[in-house]
Every structure is written in structure tokens, then in C-alpha cells.
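Read the structure below first, then the notes.
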Amino acid sequence: MHSLTLTLRALLSALLLLALFAAPAQAQKKPRKGGEKPTPDVAEAKYGPHERNVLDLWKAKSAKPTPLVVFIHGGGFRSGSKEKLSAALLDGLLANGISVMAINYRLSPEFAFPAHYLDCARAIQFARSKANEWNLDPKRIGSTGSSAGAGTSLWIGFHDDLADPKNSDPVLRQSTRLSCMAVSAAQSTYDPRVIKEWVGEAASKEHAFIGFYGLKPEERDTPKAHQLYEAASPINYLTPDDPPVYAFYGDAEPGDGIHNINFGLRLKEKMDALKIECTIRSGKSRKDRADPDKEMVEFFVKHLGGAKVNSQPGQK
């Protein structure tokens, strides 16, 4: 009888241990709720010296190097985080063999232009420096984002390559060039003088501009300010060898909002003249309402391919 009791105790102990070890595995198998994102393969990786120079990476499953889409968050250059990445966009890209990286960057008013842009450019360079380790194709990188993240994507995509081959920092020797950009609520210019003409008075006085440029109120209309406005505006860097763009704009804001579709229409005019593909979509029409996440995935698949495709983007 004593022996039987010991055997039962041992059996119960074994079953308890099995339950404890099995619980985490069972929890992992539970389906994700709507809007939830999978755990990144690389989380909170440092790509630069500042505390906000961190990124998350989701790797598409592939034996061959995959394309990469970089997500740059919005927030008027003064707020926001990489967690704003759309779960639908992430899932769609991963399902098509495209890896995804979401980044944070320094914010205003503590930091002024061009800090925000240069952080994001460095993150792209960092990804290229990790291409072998992360199974990425450094020749197929695109960018996405909304509002400030959209403008940053356009600025990097149109700007001359920021690579510095002789820099002592190996990351900064890498290219910043992109193969394509798919963005939402993008500003193609950050020049208040141009915004006033394209959109209206209120948008030209967007309060985020002062912190973004690091200007004093009395410096708004000075040669110093004008030089910064021109240097920060993506459309000013457009040349015929630049990559294609998809830009989505939601329902038109009342009056002259900073996310007005005119930013996209003026961009398309210039890109059409240069014979560069530019697709502008809007959420205004109920009959033909755009699904930006779906259309962005299709755009990236078209221009980056999937894990099994190898294309050669133009250099600049």
C-alpha cells in the first residue's frame, strides 16, 4: 500500500511538471487578437547612440535574402513611436516574403532638423550593415510611414545618397537609397511659403514647424529660415532617377489641413513630368474607397518583389 501511494504521488508530480512546461507552449499557439502584432525577431535593437535610436525587426521566412520595408512613425516630429506600425500592413508584407523594420528617432523640440531625417537614414544604413546577419537583400529596401514619417520617407528617397565611404563609422559608409516609398498623409514640402500657396494660410502656420526647425518665432521669415525650409522639403530633391511613390490621403480635412491631398497632387505633377511612377489615392470616394494597407502591400510586392525575386534599384 505504501509503495502504491508513492507511485501515485510520483505520477501526480510528473503530471504537474508537464502541465507547467506545456502552459507557455499552449499560450503561444493562441491566435492573435485583431490589431495585435507578432513578437519581433529582433526587439529594441540599438542603431545609434541616442536612447530613441532603437528598432524592431520582423524577418520574413525565407532561405534567401528578403526585401525590407522600413516603417517611420508620424507625430509632427515631436511625438509617436514605432509601435504605430499597422498589424495589417505587417502581416501582409511578411506573408509576401518582405521583412519589416519599425524605428524610433529623436524628436523636437529637443532636436531640430535634420536630426529626425538623419536618424531614420542611419537606421536604413544600419539595416544594410546587418544584411547578412538578418538575411536581408540590401538592394531592395523601401520605406513607409504616415505624416511626418511619410515626409521623412520621401526626403530620404529623393535625396542624394548620404553614404560616406571614408567615414570612421562603418554604418555611415552604407547607402541610404530606397527602391520605393508607400506613404500616408504625406507632406511633400515643409516650406510654409509653398504650403500657403498649395493648401492655405492655417497649414502654413502649423505649430510643429517651430520646434522642427529649431527657430525662434521672430525667425520665421528670415534667410536662415528660408534655407532650412528648402533643405527640409522632399520635393526639392526630385530627379529623374528617383524611386516610385504610392501616397494615400484620407477624407479631406476641413479648410486647409496639414494632411491635405494637394501635397500629393503637386508631387504627382512633378513626378509625372519626370516620368516617375506616382500613384495618389484617397479615402474620399465611397464608390472606390482605397484600402491603403492592402494597396501598399501590392505596391511593395510590385517594386521590391518577394523573397525569391532579385531586382536592381536605380542608384543615385
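The values are calculated or read from the model by the stated rules, or taken from the named source; none is laboratory data. The structure presented is a predicted model; accordingly, all values stated were derived computationally and were not measured. Here the Cβ is made from the backbone with ideal geometry for all residues, glycine too, and neighbour counts use every protein chain on show.
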Going through region 88-112 in order, the residues found to be among the polar types (S, T, N, Q) and free of Cβ contacts under 8 Å to residues at least 60 places away in the same chain are 99, 104
Members of region 119-151 found to be closer than 19 Å to residue 186 by Cβ and part of a helix (DSSP H, G or I), listed by number:
119, 120, 121, 123, 124, 148, 149, 150, 151
List the pairs whose first member sits in region 211-229 and is closer than 14 Å to residue 190 by Cα, whose second member is modelled with pLDDT under 95 and assigned to a helix (DSSP H, G or I), and whose Cβ atoms are under 7 Å apart, counting only residues at least 6 apart or on separate chains?
225/219
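Can you spot a residue in region 104-116 that is of a type outside the set (A, V, I, L, M, F, W, C), in contact with a helix residue (DSSP H, G or I) (Cβ under 8 Å, 6 or more places away or on another chain) and either within 14 Å of residue 134 (Cα to Cα) or assigned to a helix (DSSP H, G or I) (or both)? Walk me through how you get there before you give the answer.
Taking region 104-116 and keeping what is of a type outside the set (A, V, I, L, M, F, W, C), we get 104-106, 108-110, 114, 116.
Now narrow it down to the ones that are in contact with a helix residue (DSSP H, G or I) (Cβ under 8 Å, 6 or more places away or on another chain): 104-106, 108-109, 114, 116.
Now drop any that are not either within 14 Å of residue 134 (Cα to Cα) or assigned to a helix (DSSP H, G or I) (or both), which leaves 116.
Scanning region 104-116, I find at least one residue that is of a type outside the set (A, V, I, L, M, F, W, C), in contact with a helix residue (DSSP H, G or I) (Cβ under 8 Å, 6 or more places away or on another chain) and either within 14 Å of residue 134 (Cα to Cα) or assigned to a helix (DSSP H, G or I) (or both), so the answer is yes.
Just name the residue that is surrounded by the most Cβ atoms within 10 Å (Cβ to Cβ) out of those in region 157-172 that are out of contact with any Ser or Thr (no Cβ under 6 Å at 6 or more places or on another chain) and either among the aromatic types (Phe, Trp, Tyr) or without any contact (Cβ under 8 Å) to a residue 40 or more places away in the chain (or both).
Initially, region 157-172 is screened for residues out of contact with any Ser or Thr (no Cβ under 6 Å at 6 or more places or on another chain), giving 157-160, 164-170, 172.
Right, trim to either among the aromatic types (Phe, Trp, Tyr) or without any contact (Cβ under 8 Å) to a residue 40 or more places away in the chain (or both) and you get 158, 164-169.
Values: 158: 24, 164: 12, 165: 8, 166: 6, 167: 11, 168: 7, 169: 12.
Across region 157-172, the extreme among qualifying residues is 158.
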Go through the residues of region 143-158 one by one and say whether even a single one is farther than 30 Å from residue 204 by Cβ, within 17 Å of the chain's Cα centre (by Cα) and among the small types (Gly, Ala, Ser).
no
Being touching a residue at least 60 places away in the same chain (Cβ under 8 Å) and surrounded by 18 or more Cβ atoms within 10 Å (Cβ to Cβ) narrows it down to one residue among 69, 42, 54; which is it?
69
Taking the residues in region 233-278 that are modelled with pLDDT of 95 or more and among the acidic types (Asp, Glu) as candidates, determine which candidate is surrounded by the most Cβ atoms within 10 Å (Cβ to Cβ).
242
Which of the residues spanning region 55-90 are in contact with a Ser or Thr (Cβ under 8 Å, 6 or more places away or on another chain) and not in a loop (DSSP other than H, G, I, E, B)?
57, 58, 66, 67, 68, 69, 70, 71, 72, 84, 89
